[in-house]
Amino acid sequence: MAKLKKSFFCRNCGYESTKWVGRCPACGEWNTFVEEVVTKEPTHPAHRSGRSDNRPIPVREIEHQNFTRIDLGNGEVNRVLGGGLVPGSIILLGGEPGIGKSTLSLQLALKATDLKTLYVSGEESPHQIKMRAERIGISNDACLVYSETNLENILTQISQQMPDLVIIDSIQTIHTDTIDSSPGSVSQIRECAALLQKYAKQNRTSIVIIGHITKDGIIAGPKILEHIVDVVLQFEGDNNNVYRILRSIKNRFGATFEIGVFEMKYEGLIEVSNPSEILLSHYDEPLSGIAVGAAVDGARSYLIETQALVSTAAYGTPQRSATGFDSRRLNMLLAVLEKRVGLKMYQKDVFLNFAGGFKINDTGLDAGIIAAILSSYFDRPLDPKCCYAGEVGLSGEIRPATRSEQRISEAARLGFHRIVVSGYLRKTLPNPPKGIEIIYVNKLDELARILFRSAES
């Protein structure tokens, strides 16, 4: 007879303890332990001493297997996965509520015409899924819809139908009968993910798992969930903006931190193959406070419009607001401007924004941000055909941005005439592309002097 036992689990890493503790001994987080009821099945001595035909073998004796990646019919998703879906892989897709996880997953299931797919939903009825499919406007008879939350029933249907691709929406709603805790608990998520992984590896069936995220922006459930799966994808974006970013955080079969860009419309998520076109605005006349920065995210380069507004502080404490950018780094850049250039930033309110609602973590955009701030400070527009790429240090030096050659090529491709980069690249850069002038700058004060000179020329 199975024994009922109460255990305490860490919501962050899944560490199990017999009693409640304030700080997790494994991950060091505070107040993360929750009590759950688990069932311990008795273990027969024969099970502990059971024999297996599996044995360790040298690497040279392992048979090499050639596999072909599966084309999902979506160029952006294929890009993030590293060229397509690997058979037998298990993928975790996380994102905020309403960001478009279910829409993207259903589009993949309906668009993969050469694949037999099984869409398992624990949150929506088949009628609700039908309504979304009609709105998307994609039809595929090879896509099966199954509304179920019991993992044993799901695995039975997978074994009977033998699909090429399985989509689970979502892991927080699935439960197994071997554990008595409620769906969404740490033990349920961990056990369900482990059983799905075991089935995927044994039968070479690709499985996509949708997971919710917490208020801190991390995937809900134990941290071990991200270790179990092969690929972790994060769906990012602002509900007030139409653009979404699919970011690869972990990928055992490709590059990490690769991104895919989508536009959310009524008919679903539309691929954006050239993000630079949507991130650059076109004005009839030049405006102050606008600069174009050359950014790189993962292996993808694009140009993005940086918008800054500098105004006299109406109250005692100046305001600092950054949308899509780290506010602490903005304060650092303003301090460098005040110290190295002599601007009285302590008397100014500074507001920073990026076109499209994008979140930027690239330090190579420091030069573009500084250029936009200076343009707004003096209320003078910059050269609309000049972009900027460089990292600003505390001493006021402009250091080379990563993948500078890629940034220069993207600027030249979009018809920009000039690009400002670090002077340290003068000896390392090869011959620049035709039609673009490279301006080398070593110090921040040099950048301030040439900004408006280039605009006038």
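The values are calculated or read from the model by the stated rules, or taken from the named source; none is laboratory data. None of these values were measured; they are calculated from a predicted model. Heads up, the Cβs are rebuilt from the backbone with ideal geometry, glycines too, and the neighbour counts pull from every protein chain shown.
At-a-glance table
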quantity: Filter result (in a loop (DSSP other than H, G, I, E, B) and of a type outside the set (Asp, Glu)) within the range 144-174; calculated: 149, 162, 163, 170, 174
quantity: Of all residues in the range 405-440 being outside any helix (DSSP H, G or I) and touching a residue at least 60 places away in the same chain (Cβ under 8 Å), the one that is farthest from residue 274 (Cα to Cα); calculated: 419
quantity: Residue within the range 332-345 that is in contact (Cβ under 8 Å) with a residue 24 or more places away in the chain, closer than 25 Å to residue 236 by Cβ and touching a Phe, Trp or Tyr at 6+ places or on another chain (Cβ under 6 Å) present; calculated: no
quantity: Some residue of the range 40-61 being surrounded by 10 or more Cβ atoms within 10 Å (Cβ to Cβ), at pLDDT below 70 and either closer than 22 Å to residue 228 by Cα or not assigned by TED's automatic domain parsing to the domain that holds residue 226 (or both); calculated: yes
quantity: Strands (runs of 3 or more DSSP E) lying entirely in the range 233-346 (those with 3 or more residues that are of a type outside the set (Phe, Trp, Tyr) and outside the structural domain of residue 111 (by TED's automatic domain parsing)); calculated: 290-297, 300-312, 320-323
quantity: Some residue of the range 424-431 being surrounded by 17 or more Cβ atoms within 10 Å (Cβ to Cβ) and under 21 Å from residue 310 (Cβ atoms); calculated: no
quantity: Odd one out for residue 367 among (1) assigned to a strand (DSSP E or B); (2) surrounded by 17 or more Cβ atoms within 10 Å (Cβ to Cβ); (3) of a type in the set (Gly, Ala, Ser); calculated: (1)
quantity: Qualifying residues in the range 307-331 (those that are touching a Phe, Trp or Tyr at 6+ places or on another chain (Cβ under 6 Å) and closer than 14 Å to residue 370 by Cα) - the one surrounded by the fewest Cβ atoms within 10 Å (Cβ to Cβ); calculated: 309
quantity: Any hit, the range 118-126, residues being in a loop (DSSP other than H, G, I, E, B), of a type in the set (D, E, K, R) and closer than 16 Å to residue 171 by Cα; calculated: yes
quantity: Identity of the residue in the range 265-289, in contact with a strand residue (DSSP E or B) (Cβ under 6 Å, 6 or more places away or on another chain) and over 30 Å from residue 134 (Cβ atoms), that ends up surrounded by the fewest Cβ atoms within 10 Å (Cβ to Cβ); calculated: 281
quantity: Members of the range 8-26 found to be at pLDDT 80 or above and either exposed (fewer than 14 other Cβ atoms within 10 Å of the Cβ) or small (Gly, Ala, Ser) (or both), listed by number; calculated: 17, 18, 19, 20, 22, 23, 25, 26
